[in-house]
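What follows is calculated from the coordinates using simple rules that are stated; it is not laboratory data. All of these numbers come straight from a predicted model, not from anything done at the bench. FYI the Cβ positions are ideal-geometry reconstructions off the backbone, even for glycines, and counts take in every protein chain you see.
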Ligand code: IPM
Ligand code: MN
């Protein structure tokens, strides 16, 4: 397995070290190549993602990313120039974000019941494309637009992927989240696409919710969700809510997938670089380890993925009630469990 590793900034290198530790246990054939990208490289060289590096990344089976971001870098530079550029250039049109409440994990909700949802967030379109601009900047007449891009091609492929996942799950239920009552142009395309593709998946039941109502139901009744499909920005927001409900972003994993397999998919914890706790060895590497599980699943290494996920499930069910963690302790324990 040729694996490109972008440890990145802040706690990124700490959690990635543990992710690799666990990965090596179950997949001894992994050959990691480390890429120095992120805030430090940008400070040093002005480079974000050189084309030569991007080309090299394409030659890998998958990418593992820790976290990108540092308070010393103005907002938008690393996000747009590195993280989103990777997602766009590598056509990561599915941003897959499972949110499951593991046994032993405390939810901030008093009585959440079982929660096991799979958010399928679109990854290459929406308001994230940078389509828009500013007129009459720094004047009282300033006008800023941020135009959401939604193509039939882009919506269809992510909706189809969501149905394909839904049909394999016990509940076979899919919820489209949007704001079709206001965003009628894009909303119409999303609704029609879901309706059309649903004809090919008669076993899958379909629901629709406006994003504001959905945000409420994520808190009041998260158990109602199975697979969710939504656009890039709504998906960004609701997956943070889903993460909070299922134990926090310390446990939230994600995969940026090019489902066609043309480009390597990229796996990363949902959390950021957490500069406030970087270097202290107290970041929970579980989200990264679960992202490694998604990576293995994506590469068809089902048994290896099962071992990783089972290790995490066991560890969480036996941890002292969400007390402080040591990054390396968790990694050591998960590696031992996964190898056993
Ligand atoms: C995420 C992050 C990114 C996003 C930012 C850092 C660009 O919030 O992965 O959810 O908005 O997608
Ligand atoms: Mn986010």
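On a full-extension model of 0.36 nm per residue, what is the gain between residue 302 and residue 320, subtracting their alpha-carbon distance, rounded to one decimal in nm?
Details: separation 18, 0.36 × 18 = 6.48 nm, distance 2.94 nm.
Computed gain between residue 302 and residue 320 is 3.5 nm.
Ranked highest first by average number of other Cβ atoms within 10 Å, how do 139-147, 271-279 line up? Don't skip to the answer; put the middle values down first.
On the way: 139-147: 9.7, 271-279: 17.3.
Highest mean packing first, the order is 271-279, 139-147.
From its DSSP helices (H runs of at least four residues, each -39,500 (n - 2.57)), the chain gives a residue-normalised ellipticity at 222 nm of -12000 deg cm²/dmol.
Residue ranges 288-301, 21-34, 48-61, 94-107 sort as 288-301, 94-107, 21-34, 48-61 when ordered by packing (mean number of other C-beta atoms within 10 Å per residue, highest first). Working from Cα pairs under 8 Å separated by at least six residues, relative contact order for the chain is 26 percent.
Note on region 285-312 and region 163-189: Cα centroid distance 26 Å, given to the nearest whole angstrom. Whole-percent P(r), the chain, all Cα pairs, 10 Å bins from 0: 6, 25, 34, 26, 9, 1, 0.
Is region 107-246 best put as rounded, prolate or oblate by its Cα gyration tensor, with a ≥ b ≥ c the root eigenvalues, rounded for a/c under 1.5, and otherwise prolate when a/b is larger than b/c, oblate when not? Mind dumping the intermediate values first?
Values: a/c = 2.55, a/b = 1.43, b/c = 1.78.
Judged from the Cα gyration tensor, region 107-246 comes out oblate (a/c at least 1.5, b/c at or above a/b).
GNM on the chain, alpha-carbon springs under 10 angstrom: the most fluctuating residue among 227, 167, 16 is 167.
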